[in-house]
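Have a look at the structure below before the remarks.
The values are calculated or read from the model by the stated rules, or taken from the named source; none is laboratory data. In this text the structure is predicted, and so the values were computed from the model without any measurement. Methodologically, a virtual Cβ is constructed for each residue, glycine included, from the backbone with ideal geometry; neighbour enumeration extends over all protein chains shown. Just the protein is used for accessible areas: all its heavy atoms, side chains included, with ligands, DNA and RNA removed. Shrake-Rupley method; radii C 1.70, N 1.55, O 1.52, S 1.80 Å.
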Amino acid sequence: MNKNSSNTMALAPNTSSKRETVCIFGTGDFGRALGHKMIQSGYHVVYGSRSTQISNLIPKDAEVLSHAEAAQKATIIIIAIQRQHYNILTPLAEILHGKVLVDISNNLKLNQYPESNAEYLAQLLPGTKVVKAFNTVSAWALQSGTLDASRQVFVCGDDVEAKQMVMNIVRALGLTPLDKGSLLAAQEIENYPLQLFPMWKFPMVLSLGLTVFFFFYCLALDVIYAYIYENNNFSFFIVYTIPNHVCPVMALILLALVYLPGIFAAIIQLYRGTKYRRFPDWLDKWMLCRKQLGLIALAFASLHAVFTLGSPTRTFIRWRTGTGIVSQALNNRTEPLNITNAWLSDSYLALGILGFFLFVLLGITSLPSVSNNVNWREFRFVQSKLGYLTLIFCTAHTLVYGGKWFLNPAAYKWYLPDIYMLSLVVPCAVLVVKFVLIFPCIDKHLTKIRQGWERNPKYSE
């Protein structure tokens, strides 16, 4: 019976109209928002405050008492005050003895203090049971009810029973508790809200650096070179043509960089003859941000698709098309259809469309709402097998478009290769090495290693 009740509580908030009393120290934004949410969930809330005067901001069904009086009414006390004000709790040590204190505080910067706020609170009041929770939920989300982005609540504490009581409150509020272990995890939990897209830092910096490099590379070859040596003013290329050259190049290179760390990992495992040794730190970090690299690559590919759709409306394209038509009319000559160019053009478009379709499919399956509904084998098939197929299509798309320039001396302005040639280096290298790795003699050996076989067992730990 108890087990069933617990499962029910985990799936949906308990709608009972009568719950225990919860005390909240602090009447700031978060304290008021949390109290209002608890009252809606059936809890009786009593606030402990320096001023016992009722304010319009306080939920109308809540009591406001002094800290000492409020603490005596509840077993669970939520500390909704900042660390620098914890000294007001010291005189209440006797009243707070044996009670559950829920620390919800955050700091202004990472690792601001030697110990976490929750650990400091436990040292300040050694007779209490301190639990860290709710610091990853915003007051605005509680007030507006938009908790989709912050529904998960990290909980940690040394007392198992106290931690379970807090997790029951979290579930009753319609949130999802995640047990992070002992109070030693409080520092990590407190640092979490201060991290701004931690897994996106390297992909964003890398993408920005490559984008700037390729932009100025194209600027030198397509605008500056044409102005100096051909006396053509193509400065307007900066706003449309160059971005439409940079976007597909970035999409292809970043997609290749998604699968390159897997190639490195396979080579390292084959060289070591074991899977029981850690990869280098740089490779570990690279593999952890592959999803972010893939999503940025998809963004560049999408921009390229939009830019390409808008190309026929450009003045430059219409001028060039009109000039060609007028030239044929003046010469009384019609250019015959070049079947080879027609094949190349249609193949280029078809490969691009197929590659972009698979690109979008990879992006959709990386969404948690989708990936959670497929098993590991299905997810791996899409992200690995279809991922490499996407890389093949996109690489072929670029090869068909720019491959003809490889042996054309006119393509090497200032002896520099065209941007499309540069974009093919990494993806072609990835595909060639991957092709070698899937040879049966190598793939079978690699599979044995990943299943636990070791060439030299002394390296196992």
Exercise. Across bins of 20 angstrom width beginning at 0, how are the C-alpha pair distances of the chain distributed, in whole percent?
Worked result: 18, 36, 29, 15, 2, 0
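Where does region 284-382 land on the Kirkwood hydrodynamic radius, alpha-carbon pairs, in angstrom?
Over region 284-382, the inverse of the mean reciprocal pair distance is 17.4 Å.
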For this session: Kindly report, to the nearest 10 Å², the accessible surface of Trp453 as traced by a 1.4 Å probe over protein heavy atoms only.
Result: 90 Å²
Exercise. Loop-only check: which trypsin sites (Lys or Arg not before Pro) in region 63-150 are DSSP coil with at most 14 other Cβ within 10 angstrom?
Worked result: Lys109
For this session: Heavy atoms only, probe 1.4 angstrom, no DNA, RNA or ligands counted: give me Cys156, Cys394 ranked by accessible area, highest first.
Result: Cys394, Cys156
For this session: Using label points projected 7 Å from each Cα along Cα→Cβ, tell me how many nm separate Val212 and Leu389, to one decimal.
Result: 3.9 nm
For this session: Could you grab the relative contact order for the chain? Cα pairs under 8 Å, six or more apart, rounded to a whole percent.
Result: 12 percent
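Could you sort Arg50, Arg151, Arg19 by accessible area so the largest value comes first, with the probe set to 1.4 Å?
Largest to smallest exposure gives the sequence Arg50, Arg151, Arg19.
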Exercise. Taking the highest mean first, how do the peptides 235-245, 428-438 order by number of other beta carbon atoms within 10 angstrom per residue?
Worked result: 235-245, 428-438
Exercise. Ranked from highest to lowest mean number of other Cβ atoms within 10 Å per residue, what is the order of the peptides 398-410, 24-36?
Worked result: 24-36, 398-410
Problem set entry | Computed accessible area, Glu69, all protein chains, 1.4 angstrom probe, square angstrom | 100 Å²
Exercise. Taking only the alpha-carbon positions of region 159-238 and ignoring solvent, what does the Debye formula give for the base-10 log of I(q)/I(0) at q = 0.16, 0.20 Å⁻¹?
Worked result: -0.79, -0.95
Problem set entry | Per residue Cα convex hull volume in Å³ - calculated over region 331-439 | 165 Å³
For this session: On the full set of protein chains, 1.4 Å probe, figure out the accessible area of His85 and give it in Å² to the nearest 10.
Result: 90 Å²
Exercise. For the chain, what does -39500 (n - 2.57) per DSSP helix run (n ≥ 4), summed and divided by total residues, give at 222 nm, in deg cm²/dmol to the nearest 500?
Worked result: -16500 deg cm²/dmol
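If the viscosity is 1.567 mPa s and the temperature 4 °C, what Stokes-Einstein diffusion coefficient in µm²/s follows for region 19-194 when Rh is the Kirkwood radius over Cα pairs?
Working: Rh = 15.9 Å.
The estimated diffusion coefficient comes to 81 µm²/s.
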Exercise. What does the highest-first list of 165-176, 320-331 look like by mean Cβ count within 10 Å?
Worked result: 165-176, 320-331
Seminar exercise, completed: Per the rule of 0.36 nm per residue minus the C-alpha distance, extending Thr75 to Ala226 adds in nm 46.6 nm
Exercise. Using alpha-carbon positions, what is the distance between the centroids of region 273-337 and region 201-216, in Å?
Worked result: 16 Å
Problem set entry | Accessible surface ranking that places the most exposed of Glu63, Glu94 first, with a 1.4 angstrom probe | Glu94, Glu63
